[in-house]
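Let me begin by presenting the structure, written as structure tokens, before commenting on it.
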Amino acid sequence: MGDITQVDANLIPDFDILCAGFPCQAFSSAGKRQGFADTRGTLFFEVERILREKRPKGFILENVEGLVNHDNGRTLEVIISKLLELGYKVNYKVLNSSDFGVAQDRKRIYIVGTFNKVPDLDNFPKSTATIGNILESGLDTSQTPFIRNLLAHFTIEDLYGKSIKDKRGGDANIHSWDLEIKGPVSSEQKRLLNLILRQRRKKKWAEEIGIEWMDGMPLTIEHIRTFFNHPNLQEMLSDLAEKGYLKYEYPKKKVEVTDIFGTTTTQRIQDTSLPKGYNIVAGKLSFEVSKVLDPNEIAPTLVAMDMQKLYVADNGGLRRFSLREGLRLFGYPETMQLNVSEKEGFDLLGNTVVVPVIKAVCKRLINAIYI
């Protein structure tokens, strides 16, 4: 019927149960977490308006786990209080799809209510699955230069469970310098990059630099010498910066910015009064592949922006998830069809709910309404 803020609730046909998933970006760790200060966050009040005017027997609302602790719990407190004021008996719980027979780690909050009694959201039967349970086989593998380079450096088994990004260290990550994507890297340079990757997160540097700590700060050559005192350090750093593994930048200070509507948010801007330092050119979406999934494990929380960058092993090579596998990772039945392009399909899946979880919660909701 168009923009919900413009829809007259009296024009909506009568119904028994309201289902809503007001935009999550305002509360998500992937966004700026501005909550009700974000215009998308205020869409909850449209849910409240329709509930007040239509008085359905019950409702089910779904959102990201971050809603629970957003603004120290006050955002959720406002939502629950508004629903209680309408006369509903309300319950909520964070549930993980991996406990409902779906091979995906996806925690979401479910908020339910009825006029009859409080729906029970405890002690759901638990079942599990792995990536291997949902994979198709014999599909075409990818033959791109990036994939060929990846397989030239690692066996398929070595790639299982590995993320390909420059943002974090550890054994679970493969970095651009491990693959020499931006140019050749010596073993000493790789050691230097791995050290900078870890050191740039240490809080002691913030005090020395004179900024409030942030997760990944540029370090001066003097800082770097304290943990990597190499005679050719400047030459190595310059070479890595020229190739694009490092960036030479000013530290960023935290400032408050107020927009024309009076909403104040915190941002980071470069402080040109401080000395420049070397920082990792970080990012997990800069590569064709963000992660190779282990068939014996479950998938991470799938979001629209990187579903097409998740790869699996097949036919001795690597390939992207198929749309059918994507549907299975959200618990859709085999009869479900997405008659759209692959990109559009993954965009839809990244924003969808997990079917078995919704089914289980709705059974409890219906029991609370009618029993």
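Each value in this text was obtained by applying a stated rule to the coordinates, not by laboratory testing. If you're wondering where the values come from, they're calculated on a predicted model, not measured in any experiment. Heads up, the Cβs are rebuilt from the backbone with ideal geometry, glycines too, and the neighbour counts pull from every protein chain shown.
Before moving on, here are some points about what is shown:
- Seen against the Cα atoms of the chain and their longest principal axis, helix 187-199 is set at about 40 degrees.
- Across region 188-280, the relative contact order, built from alpha-carbon pairs under 8 Å that are at least six residues apart, equals 32 percent.
- Point-to-point label distance, HIS153-ASP8, nm (Cα→Cβ direction, 7 Å offset): 6.2 nm
- The chain: most fluctuating residue of PHE154, PHE261, PHE45 per GNM, C-alpha cutoff 10 Å: PHE261
- Taking ASN351, ASN149, ASN96 as the candidate residues, the one with maximal mean-square fluctuation in a Gaussian network model of the chain, Cα springs under 10 Å, is ASN149.
- In this calculation the C-beta distance from ASP105 to ILE17 is compared with R0 = 45 Å, giving a FRET efficiency of 0.95.
- Taking the longest Cα principal axis of the chain as reference, the axis of helix 44-54 is set at about 10 degrees.
- Here's how it looks for LYS252: its modeled amide H is under 5 Å from those of ASP271, which are all 5 or more places away or on a different chain.
- Translational D in µm²/s for the chain (Stokes-Einstein at 20 °C, 1.002 mPa s, Kirkwood Rh from C-alpha pairs): 90 µm²/s
- Which listed pairs, of LYS162/LYS204; LYS254/LYS276; LYS203/LYS254; LYS107/LYS190, have C-alpha distances above 25 Å, in listed order: LYS162/LYS204; LYS107/LYS190
- Cα-based helix-to-principal-axis angle, 355-370 vs the chain, degrees rounded to 10: 30 degrees
- Difference of contour (0.36 nm per residue) and Cα-Cα distance, LYS363 to LEU233: 40.4 nm
- As computed over region 188-280, the Cα convex hull volume per residue (Å³): 106 Å³
- For LYS82, a cut-off of 18 angstrom between C-alpha atoms picks up these aspartates and glutamates, skipping any fewer than 8 places away in its own chain: GLU46, GLU48, GLU53, GLU62, ASP71.
- Reducing region 223-252 and region 327-371 to their Cα centroids gives an inter-centroid distance of 48 Å.
- Taking label points 7 Å from Cα along the Cα-to-Cβ direction, ARG225 and GLN337 give a separation of 6.9 nm.
- Percent RCO, i.e. relative contact order, over the chain, from Cα pairs under 8 Å lying at least 6 residues apart: 18 percent
- Counting only DSSP H runs of at least 4 residues, each contributing -39500 (n - 2.57), and dividing by the residue count of the chain, the helix-based mean residue ellipticity at 222 nm comes to -8000 deg cm²/dmol.
- Residues in region 222-230 carry Karplus couplings, in order, of 5, 4, 5, 4, 5, 10, 8, 8, 9 Hz; the curve used is 6.51 cos²θ - 1.76 cosθ + 1.60 with θ = phi - 60°, and Gly or Pro positions show x.
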